[in-house]
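Read the structure below first, then the notes.
The values are calculated or read from the model by the stated rules, or taken from the named source; none is laboratory data. In this text the structure is predicted, and so the values were computed from the model without any measurement. No Cβ is skipped: glycine too gets one built from the backbone with ideal geometry, and neighbour counts run over all protein chains shown. Side chains are part of the model used for accessible areas, which takes the heavy atoms of the whole protein and leaves out ligands, DNA and RNA. Shrake-Rupley method; radii C 1.70, N 1.55, O 1.52, S 1.80 Å.
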Amino acid sequence: MKTLSLDGRWNLRSRSGAWSAPARVPGDTHSALLAAGKIPDPFQGLNELAVQPLHQEDWIYERTFTLPPSWLEEDSILLEADGLDTVARIFLNGRPLARTANAFLRHQIEAKRLLRPGKNTLRVEIASPEKAARAEAARLPYPVPHTSAPIQSPHRNLLRKPQCHGGWDWGPCLMVSGIGGMRLRASTGARIEGLRVTQRHGRAGGPVVVTVEAEVFAHRAHTADVSFALGTRKETGRAVLKAGRNLVTRRLRVEKPRLWWPNGHGAQPLYPLVVRVGADEARERIGLRTLRVENREDKNGLSLTFVVNGRPLFAKGANWIPADALPQRETRAAWEDCLSSAAEAHMNMIRVWGGGRYEDDAFYDLCDEKGLLVWQDFMFSCATYPGTPAFLENVREEARWQVRRLRNRACLALWCGNNEDLGALTWYPESRENRDRYLVDYDRLNEGVLGAAVRELDPERLFWPSSPCGGPGDYSDCWHDDTRGDMHFWSVWHEGKPFEAYLDIRPRFCSEFGYQSFPSPSGIAAYAPRDQWNVTSPVMEHHQRNAAGNTRITENMTRYFRLPEGFENFLYLSQVQQALAIRTAVEHFRRLRPVCMGALYWQLNDLWPVASWSSLEYGGKWKLLHYAAKRFFAPVLPTAVAAANGAIEIWADNDTAEALPAAVRVRAIGFSGKALKTVRFRARLKAGASARLRSFTRAALLGTAADEAAFLAVEIAAGGKTTRNELFLAPYKRCALEKPRIALAVRAEKGGFAVSLKADKPAFFVTLDPQALPGHFDDNAITLLPGETRVLRFRTKGAKAVTLAAFRKALTLRHLRDTYA
């Protein structure tokens, strides 16, 4: 097999002649024009509005390449195109080669007949996505509605391109066109078109039998040499191939398997798999593990539990959107930065959300390596979709390609049909008035195409019809049903309920819930000049895509906090508030185990600088939520909660596979720092369980002190580590916090800097911010108590060295009491 990459430099122009620039492949139109200085940065200020006319343009990518004459002696030369976005015609040496209309499909086109030795010319014409979508809408017999956004491209649900390109309530409307990658592949005799790997595990620690099935296309009938190698185990032989499609199968036995585990539960060994058929070769990396989803009726409803290597797993993680609104910037380095942050925060699952894209192979490589299970949505979100034969056939090719591409991944945990499309049937006048029509279209697409592809090509994995939903065969709206399957709980944000509303639900698996905040001052500086540093300025409002976003954030501040003084304190307190909201939810969901077995908050990352629900700012900077996530997702977590009967309950979660002896200390501390009461006791934490350890009356801990006069600190020493958590018994605004003096000392150390902190009085949400310096602390937004020294370590990232002087100059410190006079 020979491969000739066609990536690199191309020429880009619009059919109208208004635009031209050098372009990169992989890349997109907007990135090329931006690099050439032809358009302003759409992420800055109001510039997104200035580039909207680009979406009406038809685009032409062109390049030449040289083909060695020997290539034409091969039986077949395929042109492969990935991420061809979206409605395109391909011309080779001036002659039409193919038409495409799906950005999620690897297009494989036989090109030998049009190739010639030496110089060849390749041209890709991509239609305006807005005009193409409008034309599709005109062809439909009835409207197919989708969710609107503040700035949007109409009918984006009629194109098979990332849906969020058309605008979302956290993202810009940038209807880019582009090419994700292109190459020529020449073969003689036969080529491998895919692998399917299945595993049979016996007793624990015993051998694993791995069956490898190679899908082989033979250009003619012949006998080929074959070899299958998994790690050090190898099988060789000969295979008789008929012309056309063949299956070549071998079984490989691994005597002493090293099992792959999710993050926090064990290691992630990956066995190299190499299959050769004739002159062609296919390579993958295989994690040996079992994974099943328990989805069964019980006294609490319908469960949803992931069981890996026989161990029930509490899924801890977040929802993933594309790493950038400009696809050319989506790189392995960007994915690794975000996914490393997820793993460091003790996450073990990422949900690849259905309004973005199926990610690149490198993304799933990283998830395999880091032990991040992937809940994989098919790319449908917040809309109805056509049920026409042409649309369904287009999606059928997409689904079959993506299932075949990803099914051997250790990280892949579940296939989900869509995001909220089942609930969306109730959102639009058209679907409410004629639900049967749209439900039939939904079912033809979801079960008839997507579910069928999974059941045929990856039957070992569960096809989950929609998120949220009550499981296969359930067509009810599960937005407010906490008893069945997975739940999206948005009442706290979209309905404006208090954070305590999280405590009123008992979800089996909460796959979406979230609360917004603003970026840090350095994040704001990336898109807003200083004269716009006000949350209701034009630029700030442009970078707030949720219509009620600023109102929600401000209203809740008045519910829990004293209003902050100044813009930067407002940004900081918005992040404190976000962290508090999600912490309230996750700690409660973990206490519900085993009724609840998963918490995936919305959302992990941003694709441009914006006010949003993310815990990582655009560019990867940790918000205070992400620091909180590292604590509330910790393997061993103590919590204190005020029960409905007025008692104070002390709980502990133990995600580890071992029962742990624990020493527990509970303290009631006044805001001067004086300990009012200390209780110590010992406990044994069951493996993989949550348990209430003790219950106290308020008087037993506070004596005669009012709720507003003190807070609780609960510590658990277990497994060689001490973990602390706090509980306020009254809203922060009602507590008479004393103003602490905080001493700070900074020193350089290998890989970064160490900052020592001491306080004379309790200080809450103590936050160090290095501004735009790249890196993050090992902890932040902490509670600092008198008599203790906390050392927070900052690890730098990137190639550019940061001096101690630059770090000191950039560093700022904030805490809750400093936000008001």
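See the values below:
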item	result
Å² of accessible area per residue within region 216-322, as computed with a 1.4 Å probe and no ligands counted	47
Cα-based helix-to-principal-axis angle, 549-560 vs the chain, degrees rounded to 10	20
Label-point separation, His222 to Glu110 (7 Å along Cα→Cβ), nm	1.6
Separation between Cα centres of region 786-800 and region 74-140, rounded to whole Å	51
Lone cysteines, the chain (no partner Cβ under 4.7 Å)	Cys164, Cys173, Cys338, Cys382, Cys416, Cys469, Cys478, Cys510, Cys596, Cys735
Given the chain, longest segment not containing exposed loop GluC sites (Glu not before Pro) (DSSP; at most 16 other Cβ within 10 Å)	1-254
Relative contact order [Cα under 8 Å, 6+ residues apart], region 146-297, whole percent	19
Between helix 332-344 and the chain: long-axis angle, C-alpha atoms, 0 to 90°, nearest 10	40
Local electrostatic count, Cys382, Cβ distance below 13 Å [Lys/Arg +1, Asp/Glu -1]	-4
Cα gyration tensor shape of region 615-762, rounded if a/c is under 1.5, else prolate or oblate by comparing a/b with b/c	oblate
Accessible area of region 679-816 belonging to carbon and sulfur atoms, whole % at 1.4 Å probe	52
Assigned charges on the beta-carbon of Lys, Arg, Asp, Glu; region 600-733 dipole about Cα centre (debye)	520
Among Gln152, Ala132, Gly417 the positive-end extreme of the charge dipole of the chain (Cβ point charges)	Gly417
Charge tally in the Cβ shell below 9 Å around Val307, where Lys, Arg are +1 and Asp, Glu are -1, Val307 excluded	+1
Cα gyration tensor category, rounded, prolate or oblate, for region 257-372 with a/c compared to 1.5	oblate
Extreme residue, positive dipole direction of region 495-654, given options Phe570, Pro635, Asn556 (C-beta unit charges)	Pro635
Heavy-atom accessible surface of region 362-509: percent carbon and sulfur, 1.4 Å	50
Cβ charges +1 (Lys, Arg) and -1 (Asp, Glu), total dipole of region 385-534, debye	560
The chain - mean residue ellipticity at 222 nm from DSSP helices (-39,500 (n - 2.57) per run, n ≥ 4, rounded to 500)	-5500 deg cm²/dmol
Three-way shape call for region 340-429 based on the alpha-carbon gyration tensor, with the a/c threshold at 1.5	oblate
Exposure of His776 as accessible area (Å², to 10), given a probe of 1.4 Å and all protein chains	30
Given charges at Cβ of Lys, Arg, Asp, Glu: the chain dipole, positive-most of Pro40, Trp427, Phe671	Phe671
Cα-centred dipole magnitude for the chain, charges only on beta-carbon of K, R (+1) and D, E (-1), debye, nearest 20	2400
Accessible-area composition of region 592-638, carbon plus sulfur, in percent [1.4 Å probe]	70
Antiparallel bridges, percent of DSSP beta bridges restricted to region 52-210 (to nearest 5)	95
Mean separation of Cα contacts under 8 Å, 6 or more apart, over the residue count of region 724-819: relative contact order %	30
Percentage relative contact order, region 696-760, counting C-alpha pairs under 8 Å, at least six apart	22
9 Å beta-carbon shell around His488, net charge (K/R +1, D/E -1)	-3
C-alpha long axis of helix 567-591 to longest principal axis of the chain, angle in °	90
Fraction of beta bridges assigned by DSSP in the chain that are antiparallel (%, nearest 5)	85
Per residue value of the accessible surface for region 97-158 (all protein chains in place, 1.4 Å probe), Å²	45
Accessible-area ranking of Arg283, Arg185, Arg106, largest first, probe 1.4 Å	Arg283, Arg106, Arg185
Per residue, in Å², the accessible surface of region 567-710 once ligands and nucleic acids are set aside, probe 1.4 Å	31
